[in-house]
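Encoded as structure tokens, here's the structure I'll be asking about.
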């Protein structure tokens, strides 16, 4: 019997995941990951209640239950990274970092050390790996209607509305090869219904929103505890005139509309910010060139699954296998991996299209610039994304995630 | 449902409910309002306060009505506001509302023995000239261990005399939280020798959100809530008339049936204990068998995870707890069980069982058997 360590948060998704794994005959161990939280007066972070909910489900199922205390690591790898990025004027995504560093690294590694064959979480995503192939042969619904792939692959959830691969694109191939997403093949309403049928009392519990350690106060108030407020000018980009004062460029996000008390009339949008000069540039023009772009430069690009897509030969596409790529350690700890490349262009079927002047491989992809945002066709050339039509520029620090059909090909961080 | 967690909450008694009802509707007036109808409410309030005070051998004016024991404990520490650089002594098994409030001052913890009883020698050694405030709960909220408070008071009296002789005018106050004890222990502030005493309605079948602090005439308190000057200026805010009336009624009832209840609970506890003796894992009964609230039956099944037992038993509508509710909700092991020297296996396997008004002998047998079944389920899993 294979042992699966399932991350349990106390919510309906991970609870039902544990149930389904048990029904499938796995030896299931529930794990609550305790992340960093602030125990301050006025701060409500319901980890203790979530832990109790998770444990309650585990006890009902008659499975072992453990608590992994990742508080220190979470603070270092997720919170500190996030603050550092904000300090540079970027808008990082802590959930992506949490998956990369905590759930699919620390949790995965700790579980394996303790004897787990596989890990599982309640994410809305699908994987293809040996275990899923076996499940598919058994006709198990746990296979999640995953299309067959030749190699470990990360695939979008069946419920397009809940798909969480945007947050998962940076997790390691090794983890993917040993992960199950038991509800990735289900629609959310069916998850709730089945959870209710299985007697899970939290089936209708309010879903947690936002980043737990930030709590109800919101990101701006959280940041204010670490960065002092500092008055700076608000400049109208179109007229070049200073039209107001803000309380710190760090607290503003590109594209943000609210929070700038600039009097009546049409709303202003933050289109640019200069963190060094502590200046915010705004515009009333929704078509402002600053807001739109045809090209996005990325850094810390990770590529996955190019073989699984059926691309003829990864060596042809990339001279070095991406996961083994050598390169300077990047900011996020990921290897920088796109630099030089061959001169072939391939389409998704792996056909060589033509020789190009461009020294880098040109890879057609679909891109998602925000969680649940639409898929936009683009081409990836080295570390640049090129779009046919201009796209609204995401804030630096956000992720662009690439897809080919159901398969998540990887992604990078917007410069 | 078999409720076995009366140390955390008690249902409001029918008599208290009835006594409270008028003040929540027809007699809703603010006791400070000038018309006669309001004055009548004021009189009822003062009478209830007086009744409650009499139950502990005090006068109505000696009580400050608060929002509960936690606020009363906080207010008790305000006696230190006028004392220069005071040191505080608290029992290491005391409630969080004492331990966390004491953190504002240099504090020493008084040790307890394996049954939770105060180590009087340790107390005497730590009772130096700088100590201005001693707080010792009359009965512990996890073990039910009843402290020999009169003996503590004797030691304090001697220290006060020694200070007088030495020409040292610094005060020394004795405070006790009697929230858990009020239900089953006859209390007289004079006999206990306390200067300050905390009471709670929520543990004696009165409403939640009402408590009181007794303060002797020698103690100068400083209000936490200032405003309209209610409670002789020690706790501003419109009086909780219904709450106090319910509290006084419930406490009076408790006192009236105290002797019977003690014997009744002792009997029930014996039935439960003999059931639990049948367990595959020998139960380790905690606390002091000679000095324990009769409704407390804390027990450990070493090696088991008590939380898992609780979740299994809640399906059978049997409700019990691990440590004190507030400690357990933080997911931290109980400081009380650590203080009495339990090892981690014993702490993890500890249940706090506390009996109350609705429990019957049959309940004890059923609950005991269900607990044993839950233990079997857990052992089978391993």
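Contour minus end-to-end for residue A:299 and residue A:220, with contour as 0.36 nm per residue of separation and end-to-end as the Cα-Cα distance? Kindly include the intermediate steps, with their values, before the conclusion.
On the way: separation 79, 0.36 × 79 = 28.44 nm, distance 2.56 nm.
Result for the pair: 25.9 nm of gain on full extension.
Something else now. Compute the helix-to-body angle for B:149-165: its Cα long axis versus the longest principal axis of chain B, expressed 0 to 90° and rounded to tens.
That helix lies at roughly 40 degrees to the long axis.
Suppose a student asked you for the relative contact order of the range B:169-307, using Cα pairs under 8 Å spaced at least 6 residues apart; what percent would you report?
Relative contact order, the range B:169-307: 19 percent.
Points 7 angstrom from Cα along the Cβ direction at residue B:256 and residue B:130: gap in nanometres?
5.1 nm
Ok, one more. Looking only at B:241, B:83, B:12, which one moves most when chain B is put into a Gaussian network model with springs between Cα atoms under 10 Å?
Largest GNM mean-square fluctuation: B:83.
Quick check for you: which residues of the range B:277-305 have the amide N under 13 Å from the point 7 Å beyond the Cα of residue B:380 toward its beta carbon?
Correct set: none at all.
Quick check on chain B: helices-only [θ] at 222 nm, where DSSP H runs of length 4 and up contribute -39,500 (n - 2.57) each and the sum goes over total residues. Nearest 500, please. Write down the numbers at each step before the final one.
Working: 14 runs with 155 residues, N = 382.
Calculated from helices alone, the mean residue ellipticity at 222 nm is -12500 deg cm²/dmol.
Let me ask you something else. Full extension from residue A:161 to residue A:134: what is 0.36 nm times the residue separation minus their Cα-Cα distance, to one decimal in nm? Intermediate results must be reported in sequence, preceding the final value.
Working: separation 27, 0.36 × 27 = 9.72 nm, distance 2.75 nm.
Taking residue A:161 through residue A:134 to full extension adds about 7.0 nm, to one decimal.
What are the radius of gyration and Dmax of the protein assembly as shown, computed over its Cα atoms and given in Å?
Taking only Cα atoms of the protein assembly as shown, I get Rg and Dmax of 33.0, 105 Å.
So, in nm, how far is label residue B:82 from label residue A:392 when the simple model puts each one 7 Å beyond its Cα toward the Cβ?
Between residue B:82 and residue A:392, the label points sit 6.5 nm apart.
Considering every residue in A:61-67, what mean count of other chain Cβ atoms within 10 Å of its Cβ is obtained? The partial results should precede the final answer.
Values: counts 0, 6, 1, 4, 4, 0, 1.
That average works out to 2.
If r is the Cβ-Cβ distance from residue B:317 to residue B:362 and R0 is 25 Å, what FRET efficiency results, to the nearest 0.05? If you can, show how the numbers build up before the last one.
Numbers: r = 14 Å, r/R0 = 0.58.
After rounding, the FRET efficiency stands at 0.95.
For the range A:228-283, what is the Kirkwood estimate of the hydrodynamic radius, computed as the reciprocal of the mean inverse distance between distinct Cα atoms, to one decimal in Å? Kindly include the intermediate steps, with their values, before the conclusion.
Numbers: mean 1/r = 0.0912 Å⁻¹.
One decimal place: 11.0 Å for the Kirkwood radius.
Would you please calculate the Kirkwood hydrodynamic radius of the range A:3-215 over all C-alpha pairs and express it in Å, rounded to one decimal? Before the final figure, lay out the partial values.
Values: mean 1/r = 0.0573 Å⁻¹.
In the range A:3-215 this quantity evaluates to 17.4 Å.
Same structure again: Take chain B, connect every pair of alpha-carbon atoms lying under 10 Å apart with a spring to form a Gaussian network, then pick out the residue of B:286, B:99, B:143 with the largest mean-square fluctuation.
Fluctuation is largest for B:99.
For chain B, with a Gaussian network of springs between Cα atoms less than 10 Å apart, report the residue from B:174, B:221, B:213 with the top mean-square fluctuation.
Per the Cα network of chain B with a 10 Å cutoff, B:221 tops the list.
Contact order normalised by length for chain B, with contacts defined as Cα pairs under 8 Å and 6 or more residues apart; what percent is it?
Values: 765 pairs, mean separation 88.7, N = 382.
Worked out over chain B, it gives 23 percent.
Within 10 Å of each Cβ of B:304-310, how many other protein chain Cβ atoms are there on average? Don't skip to the end; give the middle numbers.
Values: counts 0, 4, 0, 6, 7, 1, 4.
Counting other chains' Cβ atoms within 10 Å and averaging over B:304-310 gives 3.
Given a Förster radius of 41 Å and the C-beta distance between residue A:113 and residue B:169 as r, what FRET efficiency does 1/(1 + (r/R0)^6) yield to the nearest 0.05? Walk me through the intermediate numbers first.
Values: r = 64 Å, r/R0 = 1.56.
Here the calculated transfer efficiency is 0.05.
Output needed for chain B: three equivalent-ellipsoid semi-axes, defined as square roots of 5 times the C-alpha gyration tensor eigenvalues, in descending order, whole Å.
Over the Cα atoms of chain B, the ellipsoid semi-axes are 35, 28, 17 Å.
Normalising by the residue count of the range A:228-283, find the relative contact order in percent from Cα pairs under 8 Å and 6+ residues apart.
Numbers: 104 pairs, mean separation 21.1, N = 56.
Reported as a whole number, the value is 38 percent.
Taking beta carbons within 10 Å but only from partner chains, what does the mean come to for residues A:52-60? Don't skip to the answer; put the middle values down first.
Details: counts 6, 0, 0, 6, 7, 1, 2, 13, 4.
Counting Cβ atoms of other protein chains within 10 Å of each residue's Cβ and averaging gives 4.
Gap in Å between the Cα centre of the range B:278-327 and the Cα centre of the range B:91-118?
Distance between centres, Cα-based: 23 Å.
FYI, it's all coordinate maths here, none of it is from the lab. In this text, all values refer to a predicted model and were calculated from it rather than measured experimentally. In this analysis, Cβ positions are derived from the backbone assuming ideal geometry, glycine residues included, and neighbour counts consider all displayed protein chains.
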